[in-house]
Amino acid sequence: MDVIVHRIRLRDGVDPAAFERWVRETDYASCPLLPSVLSFTVQRVTDDSSTQFDYFEVISVRSRAEFRRDMEGDTFQGLAAEFEKLATVVDELVGERVEPGYPAA
């Protein structure tokens, strides 16, 4: 499993509440249409107002190759077009999870 982290900055004039509504109603709702995505969450940055980003998203995928295939499809392309109106990815980190990790009981 691969994990992708995007640091996200809102475009000038975009209301955070509108972005978060789009995340909840559109972005999250589209995840089942992307077979490579195992989990996806968006986090609001709350601890430091001097950061260069407002949010970060964590995407767990079966593999980057499968995710790249999903990115070529209409569902992802539509999401990307809507996202670009609201925000921009300022940084991307990609890694492979050191298994097994810690799941809470």
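What the table below lists for this structure:
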{"read-out": "Those residues of segment 59-89 which are touching a helix residue (DSSP H, G or I) at 6+ places or on another chain (Cβ under 6 Å) and over 20 Å from Val14 (Cβ atoms), in sequence order", "value": "Val61, Asp70, Thr75, Phe76"}
{"read-out": "Candidate set from segment 84-105 (those that are open to solvent by less than 50 Å² (accessible area, probe 1.4 Å) and either in contact (Cβ under 8 Å) with a residue 60 or more places away in the chain or β-branched (Val, Ile, Thr) (or both)); member that is farthest from Arg24 (Cα to Cα)", "value": "Gly95"}
{"read-out": "Pairs with Cβ under 8 Å, 6+ apart, first in segment 12-26 and closer than 24 Å to Ser39 by Cβ, second of a type in the set (D, E, K, R) and assigned to a helix (DSSP H, G or I)", "value": "Trp22/Glu82; Thr26/Glu82"}
{"read-out": "Segment 90-105 - residue that is in contact with a strand residue (DSSP E or B) (Cβ under 7 Å, 6 or more places away or on another chain) and acidic (Asp, Glu) and, of those, nearest to Arg9 (Cα to Cα)", "value": "Asp91"}
{"read-out": "Residues of segment 43-82 that turn out to be of a type in the set (A, V, I, L, M, F, W, C), touching a residue at least 60 places away in the same chain (Cβ under 8 Å) and not in a strand (DSSP E or B), as a count", "value": "1"}
{"read-out": "Residues satisfying the stated conditions in segment 11-50, i.e. of a type in the set (S, T, N, Q) and surrounded by 13 or more Cβ atoms within 10 Å (Cβ to Cβ)", "value": "Thr26, Ser30, Ser36"}
{"read-out": "Test: residue in segment 50-58 that is closer than 20 Å to Gly13 by Cα and of a type in the set (A, V, I, L, M, F, W, C)", "value": "yes"}
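The values are calculated or read from the model by the stated rules, or taken from the named source; none is laboratory data. Not measured: the values here are computed from a predicted model. Heads up, the Cβs are rebuilt from the backbone with ideal geometry, glycines too, and the neighbour counts pull from every protein chain shown. The accessibility values were calculated without ligands, DNA or RNA, using every heavy atom of the protein model including side chains. Shrake-Rupley method; radii C 1.70, N 1.55, O 1.52, S 1.80 Å.
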